[in-house]
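See below for the structure under consideration.
The values are calculated or read from the model by the stated rules, or taken from the named source; none is laboratory data. What you see is a predicted model; the values in this text were computed from it and never measured. Positions of Cβ are generated from backbone atoms using ideal geometry, with glycine treated the same way; all protein chains shown enter the neighbour counts.
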Amino acid sequence: MNEDIYLKIRDLFSEEGLKQGPFTIFADEKIKPSVSIEEDHVMIHFDECKPEVTLKIVKAKVDGIKLGKNGGHVMLSNLPDIPFLYRWLQDEENKNIKSD
């Protein structure tokens, strides 16, 4: 498994959450996601116990995360999906390493 992806998933379940640009996603260890693998993406669905995403201006429940080849979408309840690119995650990680 790609170590960067592993670390991001691990961050998702940490107290600090997975931070990316203007949003942070927090997941509880009680979450039981279902995963489906499609031809061009991986879909992670959250049923009853949903993680939360905190945007700089709003907090929302996460219905799922779609992982494609170059990026994905955080699917929110009652709000538009938030797209992201994996290179944004890598750029953010590199920025954090340089500032430490």
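On the stretch given as the range 20-40, residues that are modelled with pLDDT of 85 or more, surrounded by 17 or more Cβ atoms within 10 Å (Cβ to Cβ) and part of a strand (DSSP E or B) total 3.
Within the range 24-59, track down each residue that is touching a Phe, Trp or Tyr at 6+ places or on another chain (Cβ under 9 Å) and not basic (Lys, Arg). Those that are touching a Phe, Trp or Tyr at 6+ places or on another chain (Cβ under 9 Å) and not basic (Lys, Arg): PHE26, ALA27, ASP28, GLU29, ILE31, PRO33, SER34, PRO51, GLU52, VAL53, THR54, LEU55. Scanning the range 45-59 for residues that are free of Cβ contacts under 8 Å to residues at least 24 places away in the same chain and not in a loop (DSSP other than H, G, I, E, B), we see that the one that is surrounded by the fewest Cβ atoms within 10 Å (Cβ to Cβ) is LYS59. Cβ-Cβ contacts under 8 Å between residues 6 or more apart (or on different chains), taken from a first residue in the range 23-39 that is without any contact (Cβ under 8 Å) to a residue 40 or more places away in the chain and among the polar types (S, T, N, Q) to a second residue that is part of a loop (DSSP other than H, G, I, E, B) and surrounded by 10 or more Cβ atoms within 10 Å (Cβ to Cβ), are listed as THR24/GLY17; SER34/ASP47. Kindly evaluate VAL62 against the criterion of being loosely packed, with under 13 Cβ neighbours inside 10 Å and assigned to a strand (DSSP E or B). Spelling it out, it is not the case that VAL62 is loosely packed, with under 13 Cβ neighbours inside 10 Å and assigned to a strand (DSSP E or B). Selection within the range 77-100: residues that are aliphatic (A, V, I, L, M) and either modelled with pLDDT under 85 or touching a Lys or Arg at 6+ places or on another chain (Cβ under 7 Å) (or both). The member of this set that is surrounded by the most Cβ atoms within 10 Å (Cβ to Cβ) is LEU89. GLY17 meets all of the listed conditions (1) at pLDDT below 85; (2) at positive phi but one, namely (1).
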